Amino acid sequence: MLTMMKKIIYIFIGCLLLTSCSGMLDIESHSAVSPGSVTPQDLSALRMGMYNKVQNSPTRESYITFDILGGDLTQSTGNAKDLINSVLSSLNSIVSSSWNGYYNALYQVNNVLSIVESLPESELRNLIIGEAHYFRAYIYHALVTRWGGVPIQKVNTMEKPFRDSEEAVWSFIEEELQTALAFLGTSSSYYYVSRDAALALKARVMLERGNLTEAATLAEGLITDGKYKLDSFDKIFRGKSNTEVIFSFQCLAEESNITISTLFYTYAHPNHGSYVYRPTNEVMNMYDDKDKRKEVSIINVGSEPCINKYPSGQTGTDPVVMSRLAEMYLISAEAQGFPKGLGRLNDLRKERGLESVDPKDKDEFLQCVLDERRKELLAEGFRYYDLIRTNTAKTTLGLKDYQHVLPIPGKEMISNPNLEPNPGY
């Protein structure tokens, strides 16, 4: 037993010690032990290490970066625009820690793939291959929606890579999802990657790529197959069994969690918090009193407005949802367009306690969808890119053209001169 535990520790120690993307992109493709030294008995530990790394390496603020940049969050001093301009700097810690974290996670996923692909075929081995390809698609989706074209790393390398084109990255994401779908099936719970999780991410990607027919087909497939049903926010965001979540990071223990929650509550809240970010006045006023999402989404603690979706405060053990059925309703609505998609939009609104909307044309319909996405997906990491992909960021947020992507971290460009900066930064 001790020998096996030492082996697993050695497998991961090189990854755990790495802290910069230049390190992630410069290191040789190997683990501390050769793939041939790992046995099928080690697969469960490899798998859990991969989940932990993908979940935690990008750091907690990576999950809400698009809420910050989308103007829904601010800080005690300054306004939302000041915060946006502060974050959109090559020296900002959110930018650098996210870049480092996603490539750190990628390094782990690539390691796991290189190991398990050399092992004899088995049900668990094939499942892990599917999960790894899903995670690569997930990681590159996070990278491309932040920075555009980035280096595609199918294996870990000591070379200083150039940036691949944005189109190449999107194509790679689609390839990875197709590979994942070939290996994945049902999962024991929504805390593990399933075939449906890959389909949900693919529906999101198709919408963002403008492949609307496929986006609608994929979303409708998940809506109508009978496995999922819209459920209450209290269940979804309080760790209760529910019928809506497709995939979520579990965050079972304080020592292995994302700790988003402490960023949102004041210390006066019963669960305490550091209160780094608060919802803007516009966010606090955007929910109708009849909206069933309101109390779980926002709360006033004394006179201070707070995001309420992650309730654990300093313990930080809330599940963090990656995909759920409500997003599929919104994808289907937007992808089907006006007027056909209005049915799915109003289906969701009815479930949330609201009356139907009746937009008069496609532009008004799109605004209704964006408004609904803002309320439904608050603090789940969507707002900024929703505005970017619909060409409404300039009018809604007052962003300059170059601010439609994030800057490459300054330290990474120094470490790797082949990383060209995004124009304007």
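Angle of helix 2-16 to the longest C-alpha principal axis of the chain, folded into 0 to 90 degrees and rounded to 10: 60°. What would the Debye formula give as log10 I(q)/I(0) at q = 0.16, 0.18, 0.24, 0.33 Å⁻¹ for the alpha-carbon point model of the range 307-348, no solvent? Listed by q, the Debye log ratios stand at -0.55, -0.60, -0.75, -1.05. For the range 108-181, pairs of C-alpha atoms spaced more than 16 angstrom apart make up 50 percent of the total. Note that the range 82-235 presents 37 Å² accessible area per residue, ligands and nucleic acids not counted, probe 1.4 Å. With 25 Å as the limit, the listed pairs Lys229/Lys394; Lys154/Lys229; Lys240/Lys375 have Lys229/Lys394; Lys154/Lys229 beyond it between alpha carbons.
Sorted largest first by accessible area at a 1.4 angstrom probe radius, with every protein chain in place, the residues Cys251, Cys368 fall in the order Cys368, Cys251. Oblate is the label for the range 247-296, because a/c, from the alpha-carbon gyration tensor with a ≥ b ≥ c as root eigenvalues, is 1.5 or above and a/b does not exceed b/c.
Packing, as the average of other Cβ atoms within 10 Å across residues, places the peptides 67-76, 269-278, 158-167, 99-108 in the order 99-108, 67-76, 269-278, 158-167, highest first. Leaving out same-chain residues fewer than 8 places away, which aspartates and glutamates sit with a Cα under 19 Å from that of Lys362? Those aspartates and glutamates meeting the cut-off are Glu208, Glu334, Asp347, Asp371, Glu372, Asp386.
Inter-label distance, Tyr425 to Glu364: 4.0 nm, where each label sits 7 Å from its Cα along the C-beta direction. Taking Val301, Val116 and ordering them by how much accessible surface each has at a 1.4 Å probe, largest first, produces Val301, Val116. Taking the chain on its own, what percent of its Cα-Cα pair distances exceed 35 Å? Roughly 26 percent, rounded to a whole number.
Rounded to the nearest 10 degrees, what's the angle between the helix 43-56 long axis and the longest principal axis of the chain, both from Cα atoms, 0 to 90? Approximately 40 degrees, to the nearest 10.
Ignoring ligands, DNA and RNA, please state the percent of accessible area on the range 94-144 from carbon and sulfur, probe 1.4 Å. Exposed carbon and sulfur together represent 49 percent of the surface. Dipole magnitude for the chain: about 460 debye, using +1 per Lys or Arg Cβ and -1 per Asp or Glu Cβ, origin at the Cα centre. Across all directions, the average projected area of the convex hull around the alpha carbons of the range 343-425 is 7.5 nm². Relative to the longest principal axis of the Cα atoms of the chain, helix 325-336 runs at roughly 70 degrees.
The aspartates and glutamates within cross-link reach of Lys235, meaning a Cα-to-Cα straight distance under 15 Å and a gap of 8 or more places when in the same chain, are Glu244, Glu295, Asp318, Glu351, Glu376.
Mind checking the log10 I(q)/I(0) for the range 192-266 at q = 0.24, 0.26 Å⁻¹? Debye, one equal scatterer per Cα, no solvent, two decimals. Once normalised to I(0) and log-transformed, intensities are -1.12, -1.18. Between Ser303 and Thr390, the distance separating the two model label sites (each 7 Å from Cα on the Cα→Cβ line) works out to 3.5 nm. Would the range 139-269 count as rounded, prolate or oblate if I go by the C-alpha gyration tensor, calling it rounded below 1.5 in a/c and otherwise prolate when a/b exceeds b/c, oblate otherwise? It comes out oblate by the Cα gyration axes. For the range 74-220, a Kirkwood radius taken over Cα pairs fed into Stokes-Einstein (25 °C, viscosity 0.890 mPa s) yields D = 145 µm²/s.
The values are calculated or read from the model by the stated rules, or taken from the named source; none is laboratory data. These figures come from a predicted structure and were not determined experimentally. Note that we place each Cβ from the backbone using ideal geometry, even for glycine, and neighbour counts take in every protein chain shown. Only protein heavy atoms, including side chains, enter the accessible area calculation; ligands, DNA and RNA are left aside. Shrake-Rupley method; radii C 1.70, N 1.55, O 1.52, S 1.80 Å.
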